[in-house]
Amino acid sequence: MLASPLVLVGADKGGVGKTTVTRLLIDFLQLANRAVRVYDTQSPTGALKRFYPDIAQIIDIRDVRHQARLVESLTEHSAVTIVDIKAGQLTRTLRFMEDVGLLDAASRGEARVMVLHLIGASVASLSELEEVEPFKTKCEYRIVKNFINASNFFQENAHFSERYLGESDTSREIIVPRLDPLAYEAVELTGLPFSSFVFDEPARNVENRPRSFVLRGYVRTWLERSWTNFEAAGLRSYVAPVSEKI
(Lines give C-alpha, C1' and ligand atoms only; values in the text may rest on other atoms or scores of the structure.)
Protein backbone atom coordinates (compact mmCIF):
# COMPACT_ATOMS: atom_id res chain seq x y z
CA MET A 1 0.00 0.00 0.00
CA LEU A 2 1.20 3.52 -0.79
CA ALA A 3 2.11 5.17 2.48
CA SER A 4 0.55 8.58 1.94
CA PRO A 5 -3.20 9.17 1.65
CA LEU A 6 -3.94 11.47 -1.28
CA VAL A 7 -6.76 14.02 -1.17
CA LEU A 8 -7.68 15.89 -4.35
CA VAL A 9 -9.64 19.13 -3.90
CA GLY A 10 -10.99 20.30 -7.20
CA ALA A 11 -13.60 21.19 -9.78
CA ASP A 12 -13.51 22.00 -13.45
CA LYS A 13 -15.65 25.09 -12.83
CA GLY A 14 -13.77 28.10 -11.48
CA GLY A 15 -14.80 30.28 -8.56
CA VAL A 16 -16.32 27.57 -6.35
CA GLY A 17 -13.84 27.93 -3.48
CA LYS A 18 -11.32 25.13 -4.00
CA THR A 19 -8.48 26.95 -2.24
CA THR A 20 -10.72 27.94 0.67
CA VAL A 21 -11.73 24.30 1.20
CA THR A 22 -8.09 23.20 0.88
CA ARG A 23 -7.13 25.66 3.61
CA LEU A 24 -9.97 24.39 5.79
CA LEU A 25 -8.75 20.82 5.30
CA ILE A 26 -5.12 21.67 6.08
CA ASP A 27 -6.09 23.33 9.37
CA PHE A 28 -8.43 20.45 10.22
CA LEU A 29 -5.72 17.83 9.78
CA GLN A 30 -2.93 19.79 11.42
CA LEU A 31 -5.03 20.40 14.53
CA ALA A 32 -5.69 16.63 14.53
CA ASN A 33 -1.87 16.17 14.69
CA ARG A 34 -1.58 14.82 11.16
CA ALA A 35 1.45 15.74 9.07
CA VAL A 36 0.40 17.39 5.82
CA ARG A 37 2.06 18.04 2.45
CA VAL A 38 0.33 20.36 -0.01
CA TYR A 39 0.64 20.74 -3.77
CA ASP A 40 -0.80 23.87 -5.37
CA THR A 41 -1.41 23.36 -9.09
CA GLN A 42 -2.06 27.04 -9.82
CA SER A 43 1.29 27.23 -11.57
CA PRO A 44 3.41 29.33 -11.64
CA THR A 45 2.13 31.55 -8.82
CA GLY A 46 -0.13 29.61 -6.48
CA ALA A 47 -2.20 30.97 -3.59
CA LEU A 48 -1.40 28.47 -0.86
CA LYS A 49 2.24 29.56 -0.55
CA ARG A 50 1.01 32.79 1.01
CA PHE A 51 -0.77 30.97 3.83
CA TYR A 52 1.42 27.87 4.19
CA PRO A 53 4.92 28.81 3.02
CA ASP A 54 6.56 25.89 4.84
CA ILE A 55 4.50 23.04 3.39
CA ALA A 56 3.03 24.23 0.07
CA GLN A 57 4.74 23.39 -3.22
CA ILE A 58 3.69 24.59 -6.67
CA ILE A 59 3.41 22.09 -9.52
CA ASP A 60 1.96 22.04 -13.03
CA ILE A 61 -0.42 19.08 -12.93
CA ARG A 62 -0.38 18.93 -16.77
CA ASP A 63 3.38 18.26 -16.83
CA VAL A 64 4.25 14.54 -16.83
CA ARG A 65 7.38 15.24 -14.77
CA HIS A 66 5.28 16.90 -12.08
CA GLN A 67 2.72 14.11 -12.23
CA ALA A 68 5.50 11.61 -11.58
CA ARG A 69 6.85 13.74 -8.75
CA LEU A 70 3.44 13.76 -7.09
CA VAL A 71 2.52 10.09 -7.47
CA GLU A 72 5.94 8.66 -6.69
CA SER A 73 6.24 10.78 -3.56
CA LEU A 74 3.28 8.85 -2.11
CA THR A 75 5.60 5.90 -1.50
CA GLU A 76 8.08 8.03 0.45
CA HIS A 77 5.95 9.80 3.05
CA SER A 78 3.23 8.94 5.54
CA ALA A 79 1.95 12.51 5.66
CA VAL A 80 -1.42 13.28 4.10
CA THR A 81 -0.86 14.67 0.60
CA ILE A 82 -3.36 17.33 -0.45
CA VAL A 83 -3.59 18.65 -4.01
CA ASP A 84 -5.46 21.89 -4.73
CA ILE A 85 -6.39 21.38 -8.39
CA LYS A 86 -6.77 24.45 -10.55
CA ALA A 87 -9.99 25.12 -12.44
CA GLY A 88 -10.44 23.00 -15.53
CA GLN A 89 -8.08 20.23 -14.44
CA LEU A 90 -10.09 17.89 -12.18
CA THR A 91 -11.32 15.51 -14.89
CA ARG A 92 -7.93 15.56 -16.63
CA THR A 93 -6.18 14.80 -13.35
CA LEU A 94 -8.47 11.84 -12.64
CA ARG A 95 -7.90 10.59 -16.16
CA PHE A 96 -4.10 10.65 -15.83
CA MET A 97 -4.37 8.87 -12.47
CA GLU A 98 -6.47 6.21 -14.14
CA ASP A 99 -4.05 5.92 -17.05
CA VAL A 100 -1.04 5.34 -14.76
CA GLY A 101 -2.93 2.82 -12.63
CA LEU A 102 -3.26 4.83 -9.42
CA LEU A 103 -7.06 4.68 -9.34
CA ASP A 104 -7.02 0.95 -10.02
CA ALA A 105 -4.59 0.57 -7.11
CA ALA A 106 -7.00 2.56 -4.94
CA SER A 107 -9.92 0.34 -5.97
CA ARG A 108 -7.88 -2.71 -4.89
CA GLY A 109 -7.06 -1.13 -1.53
CA GLU A 110 -3.38 -0.64 -2.40
CA ALA A 111 -3.60 3.16 -2.30
CA ARG A 112 -5.83 5.72 -0.67
CA VAL A 113 -7.27 8.38 -2.96
CA MET A 114 -10.07 10.72 -1.92
CA VAL A 115 -11.71 13.32 -4.16
CA LEU A 116 -13.42 16.37 -2.70
CA HIS A 117 -15.45 17.63 -5.64
CA LEU A 118 -16.69 21.18 -5.22
CA ILE A 119 -19.86 22.04 -7.04
CA GLY A 120 -21.20 25.52 -7.60
CA ALA A 121 -24.67 26.91 -8.14
CA SER A 122 -24.57 26.71 -11.93
CA VAL A 123 -25.62 24.23 -14.58
CA ALA A 124 -22.03 23.99 -15.83
CA SER A 125 -20.81 23.06 -12.37
CA LEU A 126 -23.53 20.47 -11.72
CA SER A 127 -22.91 18.84 -15.11
CA GLU A 128 -19.42 17.93 -13.88
CA LEU A 129 -21.06 15.24 -11.75
CA GLU A 130 -21.72 13.27 -14.92
CA GLU A 131 -18.16 13.80 -16.19
CA VAL A 132 -16.52 12.37 -13.07
CA GLU A 133 -19.00 9.48 -12.77
CA PRO A 134 -16.61 6.89 -14.34
CA PHE A 135 -13.97 7.60 -11.69
CA LYS A 136 -16.14 7.68 -8.56
CA THR A 137 -16.18 3.94 -7.94
CA LYS A 138 -12.37 3.75 -7.88
CA CYS A 139 -11.79 6.22 -5.05
CA GLU A 140 -13.39 7.76 -2.01
CA TYR A 141 -15.59 10.51 -3.40
CA ARG A 142 -17.31 13.40 -1.62
CA ILE A 143 -19.35 16.27 -3.00
CA VAL A 144 -18.59 19.60 -1.35
CA LYS A 145 -21.22 22.35 -1.33
CA ASN A 146 -19.58 25.63 -0.48
CA PHE A 147 -22.09 28.13 0.90
CA ILE A 148 -19.46 30.69 1.83
CA ASN A 149 -20.77 33.05 -0.86
CA ALA A 150 -24.42 32.40 -0.01
CA SER A 151 -25.04 30.00 -2.91
CA ASN A 152 -28.40 28.21 -2.84
CA PHE A 153 -27.71 25.28 -5.22
CA PHE A 154 -31.12 25.57 -6.88
CA GLN A 155 -32.94 24.93 -3.62
CA GLU A 156 -35.93 26.81 -5.01
CA ASN A 157 -36.12 24.47 -8.00
CA ALA A 158 -36.33 21.02 -6.46
CA HIS A 159 -37.03 19.21 -9.74
CA PHE A 160 -33.94 20.65 -11.42
CA SER A 161 -31.75 19.99 -8.37
CA GLU A 162 -32.86 16.37 -8.14
CA ARG A 163 -31.80 15.79 -11.74
CA TYR A 164 -28.19 16.14 -10.58
CA LEU A 165 -28.24 15.63 -6.83
CA GLY A 166 -31.35 13.60 -6.08
CA GLU A 167 -29.56 10.26 -5.86
CA SER A 168 -26.54 11.56 -3.94
CA ASP A 169 -25.81 10.09 -0.53
CA THR A 170 -25.97 12.92 2.00
CA SER A 171 -23.42 11.08 4.17
CA ARG A 172 -21.00 11.57 1.29
CA GLU A 173 -21.61 15.31 1.06
CA ILE A 174 -19.70 18.01 2.88
CA ILE A 175 -21.30 21.36 3.61
CA VAL A 176 -19.13 24.45 4.07
CA PRO A 177 -21.38 27.07 5.67
CA ARG A 178 -21.43 30.78 4.89
CA LEU A 179 -18.83 33.04 6.51
CA ASP A 180 -19.46 36.76 6.98
CA PRO A 181 -17.57 38.59 4.18
CA LEU A 182 -15.89 41.00 6.62
CA ALA A 183 -14.56 38.08 8.65
CA TYR A 184 -13.25 36.34 5.53
CA GLU A 185 -11.59 39.53 4.32
CA ALA A 186 -9.95 40.05 7.72
CA VAL A 187 -8.28 36.64 7.46
CA GLU A 188 -7.14 37.33 3.89
CA LEU A 189 -5.44 40.56 4.92
CA THR A 190 -3.31 38.82 7.55
CA GLY A 191 -2.01 36.07 5.26
CA LEU A 192 -2.59 33.57 8.06
CA PRO A 193 -4.33 30.18 8.13
CA PHE A 194 -7.87 30.39 9.48
CA SER A 195 -6.94 28.71 12.75
CA SER A 196 -3.99 31.05 13.29
CA PHE A 197 -6.30 34.02 12.83
CA VAL A 198 -8.64 32.61 15.48
CA PHE A 199 -5.72 32.17 17.90
CA ASP A 200 -4.72 35.79 17.18
CA GLU A 201 -1.21 35.01 16.00
CA PRO A 202 0.88 37.86 14.51
CA ALA A 203 -0.09 38.78 10.97
CA ARG A 204 2.39 38.15 8.14
CA ASN A 205 1.44 40.78 5.63
CA VAL A 206 0.07 43.76 7.53
CA GLU A 207 1.01 45.72 10.61
CA ASN A 208 0.37 43.57 13.64
CA ARG A 209 -2.53 45.04 15.57
CA PRO A 210 -5.26 43.63 17.82
CA ARG A 211 -7.94 41.93 15.76
CA SER A 212 -11.65 42.13 16.33
CA PHE A 213 -13.01 39.71 18.91
CA VAL A 214 -16.24 39.60 16.90
CA LEU A 215 -14.56 38.71 13.60
CA ARG A 216 -12.40 36.05 15.25
CA GLY A 217 -15.57 34.68 16.83
CA TYR A 218 -17.30 34.40 13.46
CA VAL A 219 -14.31 32.58 11.98
CA ARG A 220 -14.08 30.25 15.00
CA THR A 221 -17.74 29.25 14.72
CA TRP A 222 -17.43 28.77 10.95
CA LEU A 223 -14.39 26.51 11.43
CA GLU A 224 -16.17 24.42 14.04
CA ARG A 225 -19.21 23.92 11.84
CA SER A 226 -17.13 23.12 8.77
CA TRP A 227 -14.95 20.66 10.64
CA THR A 228 -17.99 18.95 12.14
CA ASN A 229 -19.12 18.29 8.58
CA PHE A 230 -15.65 16.97 7.71
CA GLU A 231 -15.91 14.55 10.61
CA ALA A 232 -19.40 13.42 9.60
CA ALA A 233 -18.14 12.68 6.08
CA GLY A 234 -15.39 10.44 7.49
CA LEU A 235 -12.38 12.53 6.50
CA ARG A 236 -10.42 12.06 9.71
CA SER A 237 -10.81 8.28 9.77
CA TYR A 238 -10.03 7.93 6.08
CA VAL A 239 -6.67 9.69 6.29
CA ALA A 240 -5.68 8.17 9.63
CA PRO A 241 -2.41 6.22 9.64
CA VAL A 242 -2.88 2.57 8.70
CA SER A 243 -1.67 1.50 12.16
CA GLU A 244 -4.62 3.37 13.73
CA LYS A 245 -7.11 1.49 11.56
CA ILE A 246 -6.13 -1.93 12.84
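The values are calculated or read from the model by the stated rules, or taken from the named source; none is laboratory data. Since we're looking at a predicted model, the values are computed, not measured. Every residue, glycine among them, receives a Cβ derived from its backbone with ideal geometry; neighbour counts consider all protein chains shown. Side chains included, ligands, DNA and RNA excluded: accessible areas come from the protein's heavy atoms. Shrake-Rupley method; radii C 1.70, N 1.55, O 1.52, S 1.80 Å.
In this structure, does V239 turn out to be within 16 Å of the chain's Cα centre (by Cα) and either over 22 Å from V36 (Cα atoms) or modelled with pLDDT under 90 (or both)?
Yes.
Out of all the residues in the stretch 154-172, is one or more at pLDDT 90 or above and not in a helix (DSSP H, G or I)?
Our first condition is that a residue be at pLDDT 90 or above; within the stretch 154-172, this holds for none.
For the stretch 154-172, residues at pLDDT 90 or above and not in a helix (DSSP H, G or I): absent.
Among the residues of the stretch 112-121 satisfying the criterion of being among the hydrophobic types (A, V, I, L, M, F, W, C) and open to solvent by less than 10 Å² (accessible area, probe 1.4 Å), which is farthest from E140 (Cα to Cα)? Steps first, please.
Filtering the stretch 112-121 down to residues among the hydrophobic types (A, V, I, L, M, F, W, C) leaves 113-116, 118-119, 121.
Among the residues that remain, those that are also open to solvent by less than 10 Å² (accessible area, probe 1.4 Å) are: 113-116, 118-119.
Details: V113: 6, M114: 4, V115: 6, L116: 9, L118: 14, I119: 16 Å.
Result: I119.
If you take the residues of the stretch 79-117 that are in contact with a Cys (Cβ under 7 Å, 6 or more places away or on another chain) and not small (G, A, S), which of them is nearest to L235 (Cα to Cα)? Please lay out each step first, then the result.
Keep residues of the stretch 79-117 that are in contact with a Cys (Cβ under 7 Å, 6 or more places away or on another chain), which gives 103, 106, 113-115.
Narrowing the set further to residues that are not small (G, A, S) leaves 103, 113-115.
Values: L103: 18, V113: 12, M114: 9, V115: 11 Å.
Looking at the filtered set, the residue picked out is M114.
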